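The values are calculated or read from the model by the stated rules, or taken from the named source; none is laboratory data. Keep in mind that this is a model prediction, so the values were computed, not measured. Because the Cβ atoms are built from the backbone with ideal geometry, glycine has one as well, and the counts that use them run over all protein chains shown.
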Amino acid sequence: MNRFNLTVSVTEYNSTEELDDRYKDLIQAAYDACSTSYAPFSKFNAGAAVLLENGETIKGSNQENAAYPSGLCAERVAVFYANSVYPDTPITAIAIAASVSGTPNKDPVYPCGSCRQSLLQSERRFRKNIRVFMVGSEKIHMVESIKDLLPLSFEMKES
Ligand code: THU
C-alpha cells in the first residue's frame, strides 16, 4: 500500500486592485452578468465571464427552470456559448461571481462539479490552462488550471 497527497495552490487576493486590468475587467464582467441571471427559485444570481485568447469576453448567467435539472449554471452558459461562437479559440480565464438580492456574495463562488467537468473538457480540447477566478466581495481565490479543482479526473485513455 502507498499513500500520496495531492496539493492545490490557490492564490488569494483581498481586492481586485491587486490584479491586472484584464482580470479586473473580467471580474467586473462576471458581476455585470449577474444582472441577466434568471433565478426565481434559488434567488442566487450567478454570473460568469470567460476571456478568450483573442481578447474577447463572453458573459453568461444561471438560467433556472421549474423542472430543476433543466436549468444551467452561469459557468456552463458562458463556456458553451464561447465555445460554440468561437470553436477554434481557447479560453484563457473565467471569473465567477454571484449576488443575492443585489448584494455581492461575500465568499468566493466555487464552481459546482458539473461545471468543473465542463471547464476541464474545454481546457483539454484546446490544450490550454484556464485560470479560474472565484470571486467574493471580501476575497478572490484563483487557481491556474481547472485541473486544480478536479484532481484525479476521468480521462478516456486506452490502458
Ligand atoms: N449556480 C451557478 O450558476 N454557478 C455556481 O457556481 C453555483 C451555482 C447556480 C445554479 C442555480 O441556478 C443556483 O446557482 C443555485 O444553486
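Quick one: is Glu12 in contact with a His (Cβ under 8 Å, 6 or more places away or on another chain) and either away from the ligand (no atom under 16 Å from the Cβ) or free of Cβ contacts under 8 Å to residues at least 24 places away in the same chain (or both)?
Yes; evaluated as a whole, the condition is true for this residue.
Within the range 113-137, restricting attention to residues that are part of a loop (DSSP other than H, G, I, E, B) and within 15 Å of the ligand (Cβ to nearest atom), the residue that is farthest from Glu18 (Cα to Cα) is Ile130.
Which residue is nearest to the ligand (Cβ to nearest atom), if the candidates are limited to the range 81-94 and must be under 15 Å from Ile146 (Cβ atoms) and not in a loop (DSSP other than H, G, I, E, B)? Here the answer is Ile94. Within the option set Val77, Val143, Val100, Val85, being under 21 Å from Asp20 (Cα atoms) and of a type in the set (Val, Ile, Thr) holds for one residue only, Val143. Taken over the range 95-112, the residue count meeting the criterion of being of a type in the set (Val, Ile, Thr), within 12 Å of the ligand (Cβ to nearest atom) and in a strand (DSSP E or B) is 2. Just to be sure, is Gly60 at positive phi and of a type outside the set (Ser, Thr, Tyr)? Taking the combined requirement at face value, the residue does not satisfy it. Of the listed requirements (1) surrounded by fewer than 22 Cβ atoms within 10 Å (Cβ to Cβ); (2) in contact (Cβ under 8 Å) with a residue 12 or more places away in the chain; (3) under 18 Å from Asp32 (Cβ atoms), Gly102 misses just one: (2). Only one entry in Arg22, Arg76 is out of contact with any Asp or Glu (no Cβ under 9 Å at 6 or more places or on another chain), of a type in the set (D, E, K, R) and buried (at least 17 other Cβ atoms within 10 Å of the Cβ), namely Arg76.
At pLDDT 95 or above, more than 16 Å from the ligand (Cβ to nearest atom) and either under 18 Å from the mean Cα position of the chain (by Cα) or over 24 Å from Ser137 (Cβ atoms) (or both), is that true of Arg76? Judged against the criteria, Arg76 is not a match.
Within the range 33-68, restricting attention to residues that are more than 16 Å from Ile96 (Cβ to Cβ) and within 11 Å of the ligand (Cβ to nearest atom), the residue that is surrounded by the most Cβ atoms within 10 Å (Cβ to Cβ) is Glu64.
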